[in-house]
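Asks: First the structure, then my questions, so here it is.
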Amino acid sequence: MKNPTLKLLTSAVLCGAVFAQPSLADDEHRHGKGYAKFEFALIGDAPYAPADFWKLDNVIDEINANKQLKWVLHAGDIKNGSTLCSDEMFTDRLQRFQRFNMPFILTPGDNEWTDCHRANNGSYLPLERLDKLREVFYPVAGLSLGQKSMRVETQADDSAHAEFVENTRWMEQHVMFAAVHIVGSNNALAPFASRSAADDDEAARRIAAAQAWIEETFAKAKQEKARGVLLMFQANPGFELAKGHAGRRGFEEILAVIEREVVGFAKPVILAHGDSHYYRVDKPLLGSISKRRIENATRLETFGADDVHWLRVEVDPNSDEVFSVHQEIVNANLEQHPLP
């Protein structure tokens with residue numbers, strides 16, 4: 001059997017990235033069956049522009065210096081919506097993310113493929129950019145990025161959803177985690193001049209895959225007697241909007257599955273996303289029938305865009321809430337970067 005880390009390195013070199021060969025962190029890093037406390041980092045909507053690269057560098061340095069963290073999660077949007085979606089941009093971001101000295105797991109955002117049809121993005125075909133994104137950031141199915149990689153489950157192993165290598169899942173200390181490809185621009189249903197039937201078909205397949213992945217995640221969480229679940233995706237799906245609102249187009253079916261599964265699980269659930277560019281922790285889910293607050297569901301939105309900081313999430317499977325969130329403000333990023 002070929003060494004998957006060698007394949008990862010080879011793929012990255014071919015696309016122009018240069019970084020140290022990753023090592024697997026599974027045995028020393030993964031303890032799915034225990035109940036011990038642990039922590040991880042959450043970021044998103046970064047880096048947005050070259051002018052902010054130094055801010056991301058500061059975030060990476062802080063995270064790498066924290067020896068308590070298990071991994072880094074990125075909730076998508078690795079560029080802003082008005083810059084090129086070039087191969088060079090993908091390679092640049094890969095090189096930056098490979099500076100993390102721990103497992104790094106990315107869920108795609110709309111800025112890096114869905115919106116690449118825009119003239120100021122290079123007038124790309126979104127589906128071609130999606131293929132490239134998968135090639136660069138998911139070169140080995142079931143293996144994370146980062147200098148220490150981590151094995152994860154991937155939906156690519158399901159023949160019914162084999163293209164969705166980016167949908168991943170893993171368990172740590174009886175807490176279940178899953179990344180789900182749900183993006184802004186109405187989950188890639190927003191109209192654009194060159195839109196074709198292929199774009200519509202892709203959105204339909206991805207929405208169906210997301211529903212299936214969420215259902216399977218909660219089914220497995222119940223089977224494994226998980227104490228909590230965290231779902232990560234890029235889009236703000238319009239939790240606060242009324243059913244049928246135009247802002248929920250592309251998300252309605254997924255929100256219905258999330259509501260049903262969260263209620264049925266009846267334990268703490270974190271819904272982590274980016275998109276809106278400001279940090280918040282709240283409980284926006286209302287039951288579609290009961291109209292009551294769904295108390296075991298908590299939305300966690302990352303810092304992003306101009307606010308380049310990170311979140312430290314502490315997980316205690318033995319606590320009632322399971323998850324506690326700590327803002328990690330990078331003081332150096334509050335200052336104006338000095339001119340060279």
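The values are calculated or read from the model by the stated rules, or taken from the named source; none is laboratory data. As the structure is a computational prediction, the values presented were derived from the model and not from experiment. Using ideal geometry, Cβ is built from the backbone for each residue, glycine included, and neighbour counts are taken over all protein chains shown. Accessible surface is based on the protein model in full, side chains and every heavy atom, while ligands, DNA and RNA are left aside. Shrake-Rupley method; radii C 1.70, N 1.55, O 1.52, S 1.80 Å.
Asks: Please verify whether residue 249 is in contact with a helix residue (DSSP H, G or I) (Cβ under 6 Å, 6 or more places away or on another chain) and basic (Lys, Arg), treating the condition exactly as stated.
Replies: yes
Asks: Which of (1) outside any helix (DSSP H, G or I); (2) touching a residue at least 12 places away in the same chain (Cβ under 8 Å); (3) in contact with a strand residue (DSSP E or B) (Cβ under 6 Å, 6 or more places away or on another chain); (4) farther than 20 Å from residue 45 by Cβ does residue 300 not meet, given it meets every other one?
Replies: (4)
Asks: Is at least one residue of segment 315-327 of a type in the set (D, E, K, R), outside any loop (DSSP other than H, G, I, E, B) and either in contact (Cβ under 8 Å) with a residue 12 or more places away in the chain or over 21 Å from residue 79 (Cα atoms) (or both)? Write out each step before concluding.
Replies: Initial filter on segment 315-327 (of a type in the set (D, E, K, R)): 316, 320-321.
Imposing the further condition that a residue be outside any loop (DSSP other than H, G, I, E, B) reduces the set to none.
No, the conditions are met nowhere in segment 315-327.
Asks: Return the only residue of 193, 179, 198, 219 being without any contact (Cβ under 8 Å) to a residue 60 or more places away in the chain and not basic (Lys, Arg).
Replies: 219
Asks: Ok, one more. For residue 155, state whether it is open to solvent by 20 Å² or more (accessible area, probe 1.4 Å) and at pLDDT 95 or above.
Replies: The answer is no for residue 155.
Asks: Looking at segment 88-105 only, could you name the residues that are touching a residue at least 60 places away in the same chain (Cβ under 8 Å) and under 27 Å from residue 191 (Cα atoms)?
Replies: 88, 90
Asks: Then there's this: For segment 36-82, name all the residues that are open to solvent by less than 30 Å² (accessible area, probe 1.4 Å) and small (Gly, Ala, Ser).
Replies: Of everything in segment 36-82, those that are open to solvent by less than 30 Å² (accessible area, probe 1.4 Å) and small (Gly, Ala, Ser) turn out to be 41, 44, 46, 49, 75, 76, 81.
Asks: Of all residues in segment 131-148, which are touching a strand residue (DSSP E or B) at 6+ places or on another chain (Cβ under 8 Å) and not in a loop (DSSP other than H, G, I, E, B)?
Replies: Residues satisfying the conditions are 137, 143, 145, 148.
Asks: Any chance segment 168-175 includes a residue that's more than 30 Å from residue 320 (Cβ to Cβ) and touching a residue at least 24 places away in the same chain (Cβ under 8 Å)?
Replies: no
Asks: For segment 171-188, which residues satisfy the criterion of being open to solvent by less than 10 Å² (accessible area, probe 1.4 Å), of a type outside the set (D, E, K, R) and within 22 Å of residue 104 (Cβ to Cβ)?
Replies: 175, 176, 177, 178, 179, 180, 181, 182, 183, 184
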